[in-house]
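Accompanying notes for the structure given below.
Quick note: the coordinates plus some simple rules give every number you see, no bench work behind them. These numbers come from a predicted model, not from an experiment. When we count neighbours, we look across all protein chains shown, and the Cβ atoms used for this are built from the backbone with ideal geometry, even at glycine.
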Amino acid sequence: MTNNKVIRLPSSGNGNDLGRKTLLIPEMNQTGAHLLAATFRSFGMRARVMDTYKGLDLGKEYTYGKECYPCQVTMGDILHFIEKEREDLGDSFNPRDYIYFMPEAEGPCRFGMYNKYQRMVLDSFPGLKELQIMSPTNSDAYSLGDILEEHQEQDFRKTAYFSMVVADILDRLLWKTRPYEKEPGMADAFIKRSRRSMADTFEIYGRKKGFQKIMEKLEEIVRESRSIVDPTIPPKPLVGIVGEIYLRMHEHANQEVIRVLEKHGAEVV
Ligand code: SF4
């Protein structure tokens, strides 16, 4: 879809001044969002992950209730971000300084409609027409060709994909260690630290395709994780969680179903 409401990708050649804009990434999976933001930063773009679930009331206020829940949550995330940023920056707040990252996909899933609906909502606020939405699409394999050089685009794709794989591994590491942690809270604190150091690693080595360095960091984290596990705790029943990706991965949206299962003696896989 091409219209003047949804900007699929900001073009580097039309005065968008990409380097001065901040790319706003909504959180689905915590680790994934942070590693993706780090990957963008590695390629020279300012990118940050927005707080999530703090603007749910706003998300519900500006949707009808028939949309997919992730659409309501992310609507709230961007509106909450703007509200906070306006409070913090006052008159210096400029919607042109931001790009909201909301990809799309074709097909029966309504995900492809999020950016269009959210564009309409943003446009209904004074000045927010200037806040662009970046919507890479599956129809061209999520190309970022308009903002990256050809050789960089391929590298970005590889690194972004790798960041998702590493994020999945870190999630599994949390699920594998938390039910067996020596003391409550150890696994969460460990993964939080590891997520930060892994994001730093992606930021430094992502653009250089330093996958070996990233693998070494991952191996170090996995080795360290053994120290928080109590080997005397017997194996617990394994429970697989399936379903819609956003709700499966977003811990507030799924009412922390993984922790609930763990409290009842399960190990989630
Ligand atoms: S998969 Fe997600 S985005 Fe797609 S229709 Fe279902 S809830 Fe909506």
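Classify region 164-247 from the C-alpha gyration tensor, please: rounded if a/c falls under 1.5, else prolate or oblate depending on whether a/b exceeds b/c. Oblate is the answer for region 164-247, as a/c is 1.5 or above yet b/c matches or exceeds a/b.
Overall, region 18-140 carries a charge dipole of about 220 debye about its Cα centre when +1 sits on the Cβ of Lys and Arg and -1 on the Cβ of Asp and Glu, all other atoms neutral. The aspartates and glutamates whose alpha-carbon is closer than 12 Å to the alpha-carbon of residue 208, local same-chain residues fewer than 8 away aside, are 155. Here region 73-176 is assigned +1 on the Cβ of each Lys and Arg and -1 on the Cβ of each Asp and Glu. Its dipole about the Cα centre then comes out at about 420 debye. Taking amide H atoms as placed 1.01 Å from N in the peptide plane, the amide H of residue 241 lies under 5 Å from those of 269, each 5 or more residues away in sequence or on another chain.
With the biggest extent put first, the Cα atoms of region 118-269 measure 56, 40, 27 Å across the principal axes. Ordering 82, 225, 241 by Cα displacement along the dipole of the chain toward the positive end leaves 225 in first place; charges were set at the Cβ atoms of Lys, Arg (+1) and Asp, Glu (-1). The phi torsions of region 242-251, fed into the Karplus equation with coefficients 6.51, -1.76 and 1.60 and a -60° offset, translate into couplings of 10, x, 4, 4, 5, 5, 5, 9, 8, 5 Hz, rounded to whole numbers, with Gly and Pro shown as x. If you take the Cα centroid of region 199-227 and the Cα centroid of region 43-93, the two points sit 30 Å apart. Less than 5 angstrom separates the built amide H of residue 100 from those of 24, 132, 133, 134, all sequence-distant by 5 or more or on a different chain. For a straight C-alpha distance cut-off of 29 angstrom, the lysines reachable from residue 182 (same-chain residues fewer than eight places away being disregarded) are 192, 217, 236, 263.
Can you sort 252, 151, 34 by how many other beta carbons sit within 10 Å, fewest first? Intermediate results must be reported in sequence, preceding the final value.
Numbers: 252 12, 151 8, 34 23.
Ascending Cβ contact count within 10 Å gives the list 151, 252, 34.
Couplings for region 127-137, taken from phi via the Karplus curve 6.51 cos²θ - 1.76 cosθ + 1.60 with θ = phi - 60°, read x, 7, 4, 6, 7, 7, 10, 9, 10, x, 10 Hz in order; Gly and Pro are left as x. Annotation: lysines with alpha-carbon distance below 29 angstrom to residue 60 (same-chain offsets under eight excluded): 5, 21, 84, 116, 129.
Kirkwood hydrodynamic radius for the chain: how many Å is it when counted over pairs of different Cα atoms? For the chain, inverting the mean 1/r across all distinct Cα pairs yields 19.9 Å.
Footprinting exposure proxy ranking of 222, 269, 73, fewest other C-beta atoms within 10 angstrom first, gives 269, 222, 73.
Output the Kirkwood hydrodynamic radius of region 18-140, Cα pairs only, in Å rounded to one decimal.
Numbers: mean 1/r = 0.0676 Å⁻¹.
It is 14.8 Å.
Share of antiparallel DSSP beta bridges in the chain, in percent to the nearest 5? Rounded to the nearest five, the antiparallel share is 5 percent.
When the chain is treated as a GNM with alpha-carbon contacts under 10 Å, the residue of 227, 143, 42 showing the greatest mean-square fluctuation is 227.
Quick check: net charge around residue 29, other residues with Cβ under 10 Å of its Cβ, Lys/Arg +1 and Asp/Glu -1? It works out to a net charge of -3.
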